[in-house]
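Colleague: This is the structure I want to talk about, given as structure tokens.
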Amino acid sequence: VVNLRADVAQYIVDRASDVARELGLTAGEPGCSANVLIIAAADGQAVADGIVEARRRAFSPGGSGMTRSLRALETFRTSEAPIRWWHVSGPVDSESGELATRLPGRDAPQIAVSRASRLRTDIRDDMFKAIIVVDITKTASLSLTQLADYSTLIALAQVDPDADVAAFDTVLNVFSNPDIPGLTSWDMDYLNALYSIEQNRLGSGARGAEIVDLMMRSVR
């Protein structure tokens, strides 16, 4: 977390790390190579535009399916959103953890297939980085807890910025409903389901159905 007072930044880091550990993830120690970057700025649009211009390869590595579209990247650069985010993910060999897609200028990866199945694959999708830009002039109405929890959710899940979530009890609605104190039980059910599903199952539809099933079981 950069451009915030040290104690404020540490609170956000600690909150995200605590939730990550609750999901069974390992949070890095101080000095680690961070793959979640939260940037506070007085002009979020200008900062987003500037970092994409300076480090475009970091936002668009060139591998198939690793990021959203170029049109979405343009929206990340130019929108007036109070908080914007960009994720980079990719298919990896579930055994070695090596990238399983070709990047420009690199040889095609060699993947050893250990199973022949129509239900499961040797490839899983890993999230490599999340870049979040917070416009502090547009988020002044949020409490520190609301800001930390909003940032935590979009750091740990590849949320579609254009998704209509008005019908759900989620911290993503905090700008329209300031009474939401932070991560809700719906948010935690979603994150727990997301990190509990079998990543090697073929088909995003099957994985999505499994998330819904796990969330429904939690509600019951």
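Colleague: Averaged across orientations, what area in nm² does the convex hull of the alpha carbons in the stretch 1-92 project? Write down the numbers at each step before the final one.
Modeller: Working: hull surface 28.7 nm².
Mean projected area of the Cα convex hull: 7.2 nm².
Colleague: Considering only protein heavy atoms and a 1.4 Å probe, what is the carbon-and-sulfur percentage of the accessible area of the stretch 1-79? Each step should come with its number before you reach the end.
Modeller: Values: 2410 of 4800 Å².
That fraction is 50 percent.
Colleague: With Cβ to Cβ distances under 10 Å as the rule, what net charge do the other residues near Gln158 carry (K, R +1; D, E -1)? Before the final figure, lay out each step's value.
Modeller: On the way: positive: Arg68; negative: Asp125, Asp160.
In short, -1.
Colleague: Quick check on the stretch 133-205: take the gyration tensor over C-alpha atoms, sort the square-rooted eigenvalues as a ≥ b ≥ c, and tell me if it's rounded (a/c under 1.5), prolate or oblate. Show your work: numbers first, answer last.
Modeller: Details: a/c = 2.14, a/b = 2.00, b/c = 1.07.
Judged from the Cα gyration tensor, the stretch 133-205 comes out prolate (a/c at least 1.5, a/b above b/c).
Colleague: Right, another one. May I ask you to give the solvent-accessible area per residue for the stretch 7-50, in square angstrom, as obtained with a 1.4 angstrom probe?
Modeller: On the way: 2500 Å² over 44 residues.
Accessible surface, normalised per residue, equals 57 Å².
Colleague: Let me ask something else about it. Using +1 on the beta carbon of Lys and Arg, -1 on that of Asp and Glu, and nothing else charged, what's the dipole of the stretch 1-87 about the Cα centre, debye to 20?
Modeller: Numbers: 10 positive and 10 negative charges, 73 e Å.
Charge dipole of the stretch 1-87: 340 debye, to the nearest 20.
Colleague: How much length would be gained if the chain were fully extended between Ala166 and Asp125, taking 0.36 nm per residue of separation minus their Cα-Cα distance, in nm to one decimal?
Modeller: On the way: separation 41, 0.36 × 41 = 14.76 nm, distance 2.79 nm.
Stretched out fully, the Ala166 to Asp125 stretch lengthens by 12.0 nm.
Colleague: Please arrange Leu191, Leu25, Leu147 by accessible surface area, largest first, computed with a 1.4 Å probe and ligands excluded. Working shown, then result.
Modeller: Values: Leu191 0, Leu25 60, Leu147 25 Å².
Order by accessible area, largest first: Leu25, Leu147, Leu191.
The values are calculated or read from the model by the stated rules, or taken from the named source; none is laboratory data. Source: prediction; values computed, not measured. Here Cβ is always computed from backbone atoms with ideal geometry, including for glycine, and neighbour counts include all displayed protein chains. Heads up: the accessible areas ignore ligands, DNA and RNA and are worked out on the full protein's heavy atoms, side chains in. Shrake-Rupley method; radii C 1.70, N 1.55, O 1.52, S 1.80 Å.
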